Amino acid sequence: MFKIRSAQKYPRSRIGSATVHGLGLLVLLMVCTGILFFVGCEQPNDPVTPAETGESARTDSPSRDEDEDTAEPDAPAQPNTPDEPNAPDEPDTPTQPNTPDEPDTPDEPNAPDEPDEPDLPVPPPEEPPALAELTGAAELMAYLAGLPENTEDTPYRIKVNGIDLAKKTDKGDTLKTLYEALSRYVSLDLRGCTGEKLLNVTTTLVPSKAYLVSLTLPDSLTLIEINAFSGCTALTSVHLPQVQTIRHGAFSKITSLTSVYMPQVQTIETDKNASGGAFYQCTSLTSVSMPRLTSLGDHAFQECTNLQSITLGSTPPALEGADVFKKAEALTAIYVPAAAVERYKTTDQTNWTSGLKEKVRALQ
């Protein structure tokens with residue numbers, strides 16, 4: 001059994017003083033703790049603490065500087081974002097509403113104006129059939145009267161049948177009545193007519209000869225009389241498929257004549273009393289082919305200033321005068337078959353001068 005001796009050993013007075021001392025110490029401890037707590041809470045507001053805290057305070061302050069550095073660049077970054085609204089200035093490109101200028105292309109509807117091209121039938125005004133075939137001078141006259149007036153460049157193509165071109169009497173159709181029927185410019189095809197020679201019908205009697213632009217004669221016709229085409233001022237071409245003889249002055253002074261087709265012509269005559277040869281002063285004539293020619297009259301091509309070449313046959317034709325090609329300075333070539341070149345260059349026929357022989361060329 002335990003024995004409680006302390007109560008007996010230490011009297012109550014001592015116990016009470018000890019208790020008082022303990023409470024005093026407890027109060028002192030609480031006071032000190034309160035002071036320390038109060039001081040500890042005041043430290044963050046104390047400006048000295050950063051310096052007294054040493055390196056930990058230094059590390060805190062640079063972190064703040066870094067925050068400030070990062071904050072400063074953020075501020076300029078924001079002005080950049082307002083710069084981005086400058087990019088909306090690019091919508092100035094939407095000023096490409098100028099592209100609506102492209103609607104100007106709808107001006108292309110002007111192209112439909114092209115249908116105005118139907119006006120282009122101006123060249124041949126109401127052009128008749130490609131070739132109108134008629135019989136007799138009276139029918140020709142009525143047909144032409146119903147057509148609009150035209151020009152030398154737009155002649156009406158007409159084939160006429162049933163006229164005797166060699167007939168002299170005024171009864172019935174003749175070459176004279178044929179010419180009298182002309183009231184528009186025409187290209188006449190007379191292969192449906194008859195007669196062995198084409199008579200001379202002067203312009204004094206029939207001024208309408210001036211409407212003749214081109215002419216094709218029938219195969220039956222072999223002779224062209226003197227001055228037959230005198231006054232045919234618009235005549236540009238003549239086809240003489242079977243004509244063998246052309247007399248002086250037949251085409252004299254027809255300045256519009258550019259071509260003559262005469263594959264069978266053998267003689268081009270010249271009267272010594274005539275004022276000019278068969279083609280005298282045909283200034284638009286550039287070339288002539290006469291492969292069967294045997295005799296060429298004097299002055300035949302005198303003053304044909306644009307005549308550049310002639311084509312002849314195998315045998316040099318007789319030149320009936322020294323002025324066959326007088327003032328035809330453009331003549332540079334006389335074409336003949338290759339086998340006949342030497343024959344021409346050595347011919348001793350009269351009027352075949354050395355100058356003419358030098359112009360002889362071989363046909364290609």
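Bear in mind these aren't lab numbers, they're just calculated from the coordinates by the rules spelled out. These figures come from a predicted structure and were not determined experimentally. Cβ placement follows ideal geometry from the backbone for every residue including glycine, while neighbour counts extend to all protein chains displayed.
A compact table of results
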read-out: Two-site label geometry, THR294 and LYS168: point separation in nm, points 7 Å out along Cα→Cβ; value: 2.7
read-out: Amide H within-cut-off set for GLN244, under 5 Å, with H built and near neighbours excluded; value: LEU223
read-out: Segment 222-364 shape via C-alpha gyration tensor axes, a/c threshold 1.5; value: prolate
read-out: Lysine pair number, Cα distance threshold 14 Å (strictly under), segment 125-218, separation 8 or more or different chains; value: 6
read-out: Within segment 172-187: backbone nitrogen closer than 19 Å to the GLU133 label point (7 Å, Cα to C-beta); value: 187
read-out: For segment 282-330: rounded, prolate or oblate by the Cα gyration tensor [a/c cutoff 1.5]; value: oblate
read-out: Relative frequency of Cα-Cα separations exceeding 22 Å in segment 125-218, percent; value: 20
read-out: Sparsely packed GluC sites (Glu not before Pro) within segment 293-361, loop by DSSP, other Cβ within 10 Å at most 16; value: GLU329
read-out: Calculated FRET value between GLN364 and THR202, using beta carbons and R₀ = 56 Å, to 0.05; value: 0.85
read-out: Between segment 167-234 and segment 311-364, the alpha-carbon center distance in angstrom; value: 33
read-out: Debye, to nearest 20: dipole size of segment 148-248, +1 on Lys, Arg Cβ, -1 on Asp, Glu Cβ; value: 180
